[in-house]
Ligand SMILES: Cc1cc2nc3c(=O)[nH]c(=O)nc-3n(C[C@H](O)[C@H](O)[C@H](O)COP(=O)(O)OP(=O)(O)OC[C@H]3O[C@@H](n4cnc5c(N)ncnc54)[C@H](O)[C@@H]3O)c2cc1C
């Protein structure tokens, strides 16, 4: 064991845990971060493997980049910010999707979003699918977009939660990788890697945190594991915290997986362009061609389709992607593309999904999950964010908030 006693123990070294740890370290508070994986970053993960370029298997876009704290951190680290507007804000190549249809689809999507944002705070917390136009021509494709954005189809998603999401509309990227920035921000922290916390025993005066390598005592804990893991009770509390399990069950992790493909003849496609695999159904992939101008395709699959493909492993993703792409680009295309990387977030034991959505009626579970317990067990992570959930910057902000609450609790304890 590196340490069996600490003042504040942070469970998890993803965006939230690293942000919390850094805040505590900067305040000169004794802090230990315990991480189940053998690397920092959690769902933020830049890797190279057999790719010529760094690729982000988890978060890639600095959403709300004009107010995103990771942007400044990336710049301070010497990272390069790419400000090319994202493909979803522009028309695609008219392959299998004529420009007039694209315009009609974008209008339908905008109308759907306006309806949802204007009406749902006054109504019961219903499913987002309620706001689709009955028998609307583009409903299936709007649903496909939900599988990318929420990791779930609209019928599974709370309209109120979606309406609370706050997006400035500015989306940038870090050339060297978003995951790399987040992991690098953890440099200097006291971290134990490869140790999953199993139990936080809060029956005594001090907390007893159990890992496979032994127990660690702490005054305060900040828990940042994903809502899926809390719902599955992979991390236990004694006495139990049923209100946290219930809140987490209202906030399942949606599923979104990226498959990276390399292109033999990149020049035949525009940089930063994209295609939907099919436009008349929700179970379709979306293909981002030449991100950063690189000879690659970033294929994105969400919701039930991603879950079905995960069951078939990497070959199922590759077959599906090649099937959709050859349907659009001709059968020869199969010879000009090669799989590079995929990560199946749904079967990842330390995530169990990609990002949280709230089920209909469960929008307020985010506040329930974030609420401190006894002023010594604090919760952070993207699912705890009311308006920046599902994102790496939302995770960051909840981590800093939890650390500030821990600092205040510690001060209160010292003065009493
Ligand atoms: C495919 C994909 C694309 C995405 N795209 C974007 C994007 O473009 N922009 C964006 O902002 N966000 C995106 N996200 C979401 C973003 O990556 C996450 O919201 C964010 O990284 C979550 O951070 P977190 O700290 O809340 O959770 P995590 O990163 O899950 O951190 C929790 C940590 O706890 C660890 N852990 C789990 N169990 C235990 C245990 N028992 N003991 C100790 N440690 C444990 C985990 O290993 C993990 O490191 C994407 C995610 C995916 C999967």
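We did not get these values from a lab; they are worked out from the coordinates using the rules stated. Bear in mind the structure is a predicted one, so any value in this text is a computation, not a measurement. Cβ coordinates were reconstructed from backbone atoms using ideal geometry, including for glycine residues, and neighbour counts include every protein chain displayed.
Things to note:
- Crossing angle, helix 139-149 versus the chain [Cα axis fit, 0-90 degrees, rounded to tens]: 40 degrees
- Peptides 137-143, 66-72 ordered by packing proxy, namely the average of other Cβ atoms within 10 Å per residue, highest first: 137-143, 66-72.
- For the chain, the longest principal axis of the alpha carbon atoms and the long axis of helix 99-119 meet at an angle near 30°.
- Gyration tensor verdict on segment 295-348 (Cα atoms; rounded if a/c is under 1.5, prolate if a/b is larger than b/c, oblate otherwise): prolate
- Exposure proxy ranking for 63, 335, 117, 343, based on other Cβ atoms within 10 angstrom of each Cβ and starting from the fewest, stands as 335, 117, 343, 63.
- From most to least packed by mean Cβ count within 10 Å, the peptides 385-395, 88-98 give 385-395, 88-98.
- Against the chain, whose longest principal axis is taken from its Cα atoms, helix 15-26 shows a tilt of about 40°.
- If both residues of a DSSP beta bridge must be in the chain, then about 65% of such bridges are antiparallel.
- Residue order, fewest to most surrounding Cβ atoms within 10 angstrom, among 276, 378: 276, 378
- Judged by the ratio a/c of the largest to the smallest principal axis of the C-alpha gyration tensor, segment 41-163 counts as prolate, that ratio being 1.5 or greater while a/b is larger than b/c.
- Equivalent ellipsoid semi-axes, the chain, via Cα gyration tensor eigenvalues times 5, rooted, Å: 38, 24, 19
- Over all pairs of different C-alpha atoms, segment 291-416 has a mean inverse distance whose reciprocal, the Kirkwood radius, equals 18.1 Å.
- Directionally averaged projected area (convex hull, Cα atoms, segment 350-416), nm²: 5.2 nm²
- Semi-axes of the equivalent ellipsoid of segment 1-106 are 39, 16, 13 Å, computed as sqrt(5λ) over the eigenvalues of the C-alpha gyration tensor in descending order.
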